[in-house]
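To start, the structure itself, in structure tokens.
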Amino acid sequence: MVVPAVRLSMTLRLPRDVAGLHLVRAVTDPVLAGCGVTPACRHDIAVALTEACGNAVVHAESVDEYQMSIKVADGLCVVEVSDAGIGFEWDGRPSRPSLTAVSGRGLYIISQYTDHLHVDTLPGRRTTVRFIKKLEFTANTDSGRPTDRRTPPADTGQPTPGVPQASEMVAPTAGLND
């Protein structure tokens with residue numbers, strides 16, 4: 001299968017709270033779906049992304065926010081989750097947690113759902129978790145867009161009923177500039 005020529009880059013700055021975890025998934029899944037990524041591959045990315053962001057929420061105790069970036073190019077999805085928290089000691093490979101472990105599973109889970117995991121940490125200063133997933137595309141993709149989409153109607157200059165206009169859209173800003 002030919003890899004669609006999709007290029008995408010998105011960065012979110014999020015408050016260090018659990019509500020941001022839902023936002024990350026709610027934003028990234030439809031974007032990846034629109035690129036023609038299969039549901040199974042999107043699921044793997046969502047699990048790894050939730051774990052990486054969850055780690056920042058739980059462990060970046062000294063900061064109020066973290067950053068998540070996602071890049072799609074050349075058939076790969078590269079995700080980075082960074083925080084300026086306390087960091088931790090990292091030996092370069094996640095260990096398999098015990099079956100009864102209630103913590104310490106995140107990096108191992110990420111490694112199982114992705115093709116590559118790298119952690120850049122400076123204890124006492126910052127942590128960046130970076131993972132790469134080879135993308136799987138649906139059979140009906142062409143240049144990253146599903147080919148079975150309907151042709152949009154001709155532009156009449158009139159607003160489309162039920163579709164908010166740009167002037168009506170307000171992006172949530174609470175907590176982003178605090």
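Derivation of every value follows stated rules applied to the coordinates shown; laboratory data play no part. If you're wondering where the values come from, they're calculated on a predicted model, not measured in any experiment. Note: ideal-geometry Cβ built from the backbone for every residue, glycine included; neighbour counts use all protein chains shown.
Of the residues Glu65, Glu89, the one with the fewest other Cβ atoms within 10 Å heads the list, and the complete ranking is Glu89, Glu65.
In terms of surrounding Cβ atoms within a 10 Å radius of their Cβ, Leu117, Leu32 rank from fewest to most as Leu117, Leu32.
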